[in-house]
Amino acid sequence: MELIIFLITAAVAVAGAVAMLLSLNAIHSAIFLLINFVAISVLYVLLYAPFLFAIQLIVYAGAIMVLFLFVVMLLGAERAEDTRERFVWQRPLGLTLSAILLGLIGYIALRGPAPEARVTNHQFAAPERIAEALFTTYLLPFEITAFLLLAAIVGVVVLHTSGSQAGKRE
Amino acid sequence: MTWIDLVILVVKCIVLSLAATAVFAYFTLFERRTLARLQNRMGPNRAGPGGLLQPLADAVKLFFKEDVTPLMADRWVYLVSPTFALIPAIIIWATIPVGMWPDGQGGNWLQLAEINVGVLYLLAVMSVGVYGITVAGWASNNKYSMLGGIRASAQVISYELALGLTVLGAVMQAQSFSTAVIVERQAQMWNIVPQFLGFVVFIIAATAEVVRAPFDLVEAEQELVGGYNTEYSSMKFALFFMSEYVKLVAMNAIAVTLFLGGWQFPGLQTLTLFVTQQYGAAVGNAVLGLTSLGAFLLKVLALSFVSVWIRATLPRVRYDQLMNLGWKVLLPLSLINVAITAVLNVLLPDAPTLTAIISLVVGVIILAVTANVGRPGKEKRTVKLVEIGL
């Protein structure tokens, strides 16, 4: 049962990712990426991580992709105008890196999962556990991330107000 | 999982989806009749006794309308987006406990899926629901539809924050993400008392989230012809219509679950205990299931009436008012609500009644102050005449 669901979801995820890369229209790419995100969130459920499933949907599918779509629609930049390569080194570098990644994945798939990677306790990713880890073991990284986000918000506000003041002066 | 469990699950899913769509059909009739009464007219009353067959007549009419696809539309996206809109509206019902009918193994017949992050599931599905509208607006290749779609995405992400934070208040009150546990914890007192501020913000933000009047800028007829669904006709239009109403009823059901005690009502336990002693556990369970389902539906109906009432009473807001309300009023209010809930629950963990009264009073005061300070129409508009040399 789980294997069937996994195979279907994984096929959808891979198909979504490939279609996202191949489609020429930015909105189509966004929709395929959305399908990919939803499929990956289902994979999280299969891995007994329901909290990650919900967060994946809320943050990536619900917030970030809406912003992508919003910006693409506002700018009217659906069509890829320039298909020429801007950087000559981009394609060889990308191919090399993906070959390395594929090799690693193949190695791990052939070797089989590590014995300590098998999960016996299915409650290991319950919301309480995640909160506990975030607020004790990983408190410093958590706070630093929060601080970075705050700085980004302040930056947006500063940029916005200076722009509107310039508009007033005119 | 054996195959019989799988069959039961599939049947439950089908029944729930059909129930959601049936509720949609009769909600349209309810809304039209109630709106008509509020506007001093009769409303649709010709088809069947008291107009009861009107939804069927509407469905037949929509089926027989011509189905037009615009020539310049993005064909596939145009065809798919109505289903994009409808699917989240239906699957959101999966974790809402619509009643309590124990199945004897610790489960509940009237809740499709009990997961430990039920509330987050609701928020997740809600946030995916906007894609249908946005993408439909883009795919129609029509500037009015496009504007409607852009408005929808901006409005929904703005109000999602306030909505999520008010839901967090209810979660903190029950100390669980599970919808079933949240309902159980409200046996003594409904969450509307300790979370009054949260409830009011939730209702406003939920109305904006399902883009309904007075926040229906997405389909403002005077500005955008029909909004995102201008180019849609026949059953595809009906699917958008359906998704809007199913989402609205689902929002009311979520509000009932989180703030109005779900399927609980005073005296439910006494009644169940009495029937169980008299007629045995099976009859007791059945009575519990039916009465709790009835109580839940009655509460949803009451909230639905409030939604219709709001639609009949309030005019549509302007776009800047919409954004100001979302970001400058509702978001701070919901943050204050979270702060109050957190502080009170930590300071007085053993006195739920006292906590509830304090937060109710504080909530009412804050709402009154906000309503007084933020009342629109106070500032005098001065018009300056400028001479134009021609």
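The values are calculated or read from the model by the stated rules, or taken from the named source; none is laboratory data. Since we're looking at a predicted model, the values are computed, not measured. A quick note on method: Cβ atoms are made from the backbone with ideal geometry, for glycine too, and the neighbour counts reach across all protein chains shown.
Side notes on the structure shown:
- Residues within the stretch B:105-128 that are at the interface with another protein chain (Cβ under 9 Å from one of its Cβ atoms) and either outside any helix (DSSP H, G or I) or over 20 Å from B:ALA206 (Cα atoms) (or both), tallied: 3
- Hits in the stretch B:231-260 - residues which are surrounded by 21 or more Cβ atoms within 10 Å (Cβ to Cβ) and among the hydroxyl-bearing types (Ser, Thr, Tyr): B:TYR232, B:SER243, B:TYR245, B:THR257
- For B:GLU66, the conditions (1) on the phi < 0 side of the Ramachandran plot; (2) part of a loop (DSSP other than H, G, I, E, B); (3) free of Cβ contacts under 8 Å to residues at least 24 places away in the same chain are fulfilled apart from (3).
- Whenever a residue of the stretch B:321-337 is touching a residue at least 60 places away in the same chain (Cβ under 8 Å) and of a type in the set (Ser, Thr, Tyr), its partners that are buried (at least 18 other Cβ atoms within 10 Å of the Cβ) and part of a helix (DSSP H, G or I), lying with C-beta atoms within less than 6 angstrom and at least six residues away or across chains, give the pairs B:SER334/B:ALA162; B:SER334/B:LEU165; B:SER334/B:THR166; B:SER334/B:VAL201.
- Hey, B:TYR144 within 13 Å of another protein chain (Cβ to nearest Cβ) and outside any loop (DSSP other than H, G, I, E, B) or not: no
- Sole residue being buried (at least 24 other Cβ atoms within 10 Å of the Cβ) and more than 21 Å from B:VAL317 (Cα to Cα), chosen from B:MET126, B:MET172, B:MET189: B:MET126
- Selection count where residues are part of a helix (DSSP H, G or I), exposed (fewer than 12 other Cβ atoms within 10 Å of the Cβ) and either in contact with a Leu (Cβ under 9 Å, 6 or more places away or on another chain) or more than 14 Å from every other protein chain (Cβ to nearest Cβ) (or both), scope the stretch A:1-40: 5
- The residues of the stretch A:42-70 that are among the β-branched types (Val, Ile, Thr) and either under 29 Å from A:MET1 (Cα atoms) or in contact with a Ser or Thr (Cβ under 6 Å, 6 or more places away or on another chain) (or both), listed by number, are A:VAL42, A:VAL45, A:ILE55, A:ILE58, A:VAL59, A:VAL66.
- Total residues in the stretch A:109-138, condition farther than 28 Å from B:GLY118 by Cβ and either assigned to a loop (DSSP other than H, G, I, E, B) or at pLDDT 80 or above (or both): 6
- Exclusive hit being under 25 Å from B:ILE254 (Cβ atoms), buried (at least 17 other Cβ atoms within 10 Å of the Cβ) and β-branched (Val, Ile, Thr), set B:VAL23, B:VAL77, B:VAL11: B:VAL23
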